[in-house]
Amino acid sequence: MATKRNLIVVSNRLPLSIKRVNGSFESSYSSGGLVTSLSGLTKSTSFRWFGWPGIEAKDPEDEKQISQSLSDHDAVPIFLDSELAHEHYNKFSNSILWPMLHYQSGVSFDEHAWNSYKRVNELFADAIAEQVTPGTLIWVHDYHLMLLPRLLRERLSDKPCAIGFSLHTPFPVWDFWRALPVRNELVEGILGSNLIGFHTDEYEHNFVDCARSLGANTDVPGEIRYQSRLVKAGKFIVGIDPKKFTDALNTDDVKRRIRELEAKYKGVKVILGVDRLDHIKGLPQKLKGYDHFLEQHPELQNKVTLIQVAVPSREDVKEYQDLEEEICTIVGRINGKYATPDGSPLVYMHRSVAFSELAALYSVADVCLLTSTRDGMNLVSFEYIACQGERHGVLVLSEFAGAAAFMKEGSITFHPANLPQLAGAIYKAVTMSDEDRKCRYEGLRGFIETNTSAKWGESFIDKLSEGMPK
């Protein structure tokens with residue numbers, strides 16, 4: 001029998017929910033995300049999770065109890081005090097790195113936040129290095145931990161292991177990235193890896209250009225030679241578990257909800273938007289483009305409805321509060337212009353939606369409209385296609401979503417800032433023939449069933465295993 005591979009998965013936040021019950025702590029896995037992506041590895045790989053548990057332990061006894069609860073799920077907590085966690089996550093990762101990675105200008109650098117970011121990466125490195133044994137695979141995830149691969153390599157010089165890093169956001173072009181004062185430290189941190197994974201070829205090429213600016217040799221495609229080390233880089237297409245959605249559509253609750261929605265919107269083309277309320281999702285552009293569409297096509301004003309789900313995000317941040325206010329103003333203006341006693345052209349839901357309700361909405365929608373100004377991938381596009389086996393709905397997708405690199409032929413793509421083009425894409429979608437809808441859908445369905453989350457996890461770990469030092 002083959003020996004199981006030993007894997008450590010590292011993310012800023014552990015994929016578990018922890019709560020205090022009767023004086024002790026209980027933990028359970030959160031659904032989706034990396035949990036689903038790694039589910040297919042259990043037969044060949046034994047893995048543990050390392051990350052921040054999301055709560056601050058008040059004393060050593062709390063740390064002990066939390067650690068014990070998490071150990072039942074093969075998870076190891078890295079404890080941070082609340083101020084350090086806030087500075088690392090909110091002040092640097094989300095207020096500086098996130099906007100830079102998504103081409104948002106006007107970002108102010110904060111030295112104190114940068115020091116906190118470095119400190120958290122060092123704490124992660126110390127905690128992980130203590131428990132690594134020779135031959136371990138280490139898989140680090142996302143922009144919160146860009147320094148970690150190099151820090152781990154420094155600490156594990158006597159323990160041969162393979163370090164992988166996956167970025168779940170875009171990576172910008174060099175000329176934009178160079179505006180960040182600590183750009184070199186971050187790129188060097190990632191270059192501590194044996195294997196670096198990106199969602200698209202574009203993101204990989206942009207990173208390789210940045211590595212070249214540091215003197216790396218990048219003559220061989222997919223290889224970066226830096227400081228006498230060989231680093232592999234590649235595209236690994238992240239996906240979803242389509243079966244999770246098709247199974248949901250067959251439950252009695254979802255079937256009943258689908259019937260209710262179909263009755264409510266009989267004779268109306270339903271356009272669906274599902275987004276986090278974030279600047280990168282292009283929600284103001286979406287609403288303005290929809291307004292333009294209604295203006296240009298008065299004959300359709302009572303025959304279409306946009307249902308927009310905007311999941312709350314960073315509600316304590318003023319810029320996000322301002323965005324929500326802007327969106328509410330546009331929503332009010334559109335409904336004020338076009339609503340009639342028979343109904344309104346726009347339903348705006350600023351809240352999270354239960355999975356069963358989401359599956360039903362995906363199923364009844366004739367069109368899914370995604371207007372990202374930048375997006376690492378945007379898996380809503382995959383989820384929508386997974387639920388459209390009967391209706392063959394049309395995906396209208398911004399060219400700046402990572403998914404557009406793979407789903408362009410089966411979808412209608414557009415520039416989110418070009419309102420006439422956006423309005424035209426909506427019109428084309430709601431007037432498309434059944435034959436064209438089905439043809440487009442079948443190609444997209446084949447893509448999401450081939451590029452699943454499980455395949456993504458397996459392919460990355462298989463490639464990382466190849467880089468294990470002999």
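The values are calculated or read from the model by the stated rules, or taken from the named source; none is laboratory data. It should be emphasised that the depicted structure is a prediction, and the values quoted were computed from it without experimental measurement. Glycine gets a Cβ as well: all are built from the backbone with ideal geometry, and neighbour counts include every protein chain shown. Note: accessible area is taken over every heavy atom of the protein model, side chains too, but ligands, DNA and RNA are not part of it. Shrake-Rupley method; radii C 1.70, N 1.55, O 1.52, S 1.80 Å.
Quick notes on this structure:
- Cut-off 13 Å between beta-carbons: net charge of the residues surrounding MET100, Lys and Arg +1, Asp and Glu -1: +1
- P(r) for region 233-308, from all Cα pairs and a bin width of 10 Å, is 14, 29, 33, 20, 4, 0 %, short bins first.
- Taking Cα centre as origin and charging only the Cβ of basic (Lys, Arg, +1) and acidic (Asp, Glu, -1) residues, the dipole magnitude of region 70-187 rounds to 420 debye.
- Zone residues, region 380-395, relative to CYS439, backbone N less than 18 Å from point 7 Å out along Cα-to-Cβ: 392-395
- Value of [θ]222 nm, deg cm²/dmol, for the chain, DSSP H segments ≥ 4, -39500 (n - 2.57) each, nearest 500: -12500 deg cm²/dmol
- Cα gyration tensor shape of region 165-232, rounded if a/c is under 1.5, else prolate or oblate by comparing a/b with b/c: rounded
- Distant-in-sequence amide H partners of VAL304 (H built 1.01 Å from N, under 5 Å): LYS269
- Rounded to 10°, Cα long-axis angle of helix 252-264 versus longest principal axis of the chain: 40 degrees
- Accessible surface for the chain, divided over its residues, is 44 Å² per residue with a 1.4 Å probe.
- Spin-label pair SER67-ASN335: with each label point 7 Å from Cα along the Cα-Cβ axis, the two points sit 5.2 nm from one another.
- Base-10 log of normalised Debye intensity for the chain (one unit scatterer per alpha-carbon) at q = 0.09, 0.10 Å⁻¹: -0.65, -0.80
- Largest-first ellipsoid semi-axes for region 160-317, taking √(5λ) over the Cα gyration tensor eigenvalues, angstrom: 44, 22, 14
- When a 1.4 Å probe is rolled over the protein heavy atoms, the share of accessible surface on region 346-470 that falls to carbon and sulfur comes to 49 percent.
- About its Cα centre, the dipole of region 265-419 is roughly 240 debye, where the only charges are +1 on Lys and Arg Cβ and -1 on Asp and Glu Cβ.
- Dimensionless Rg/Rh of region 285-421 - Kirkwood Rh, Rg from C-alpha atoms: 0.95
- Using alpha carbons only, the radius of gyration of region 150-196 set against its Kirkwood radius gives Rg/Rh = 1.05.
- Mean-position separation - Cα centroids, region 379-436 and region 194-259, in angstrom: 21 Å
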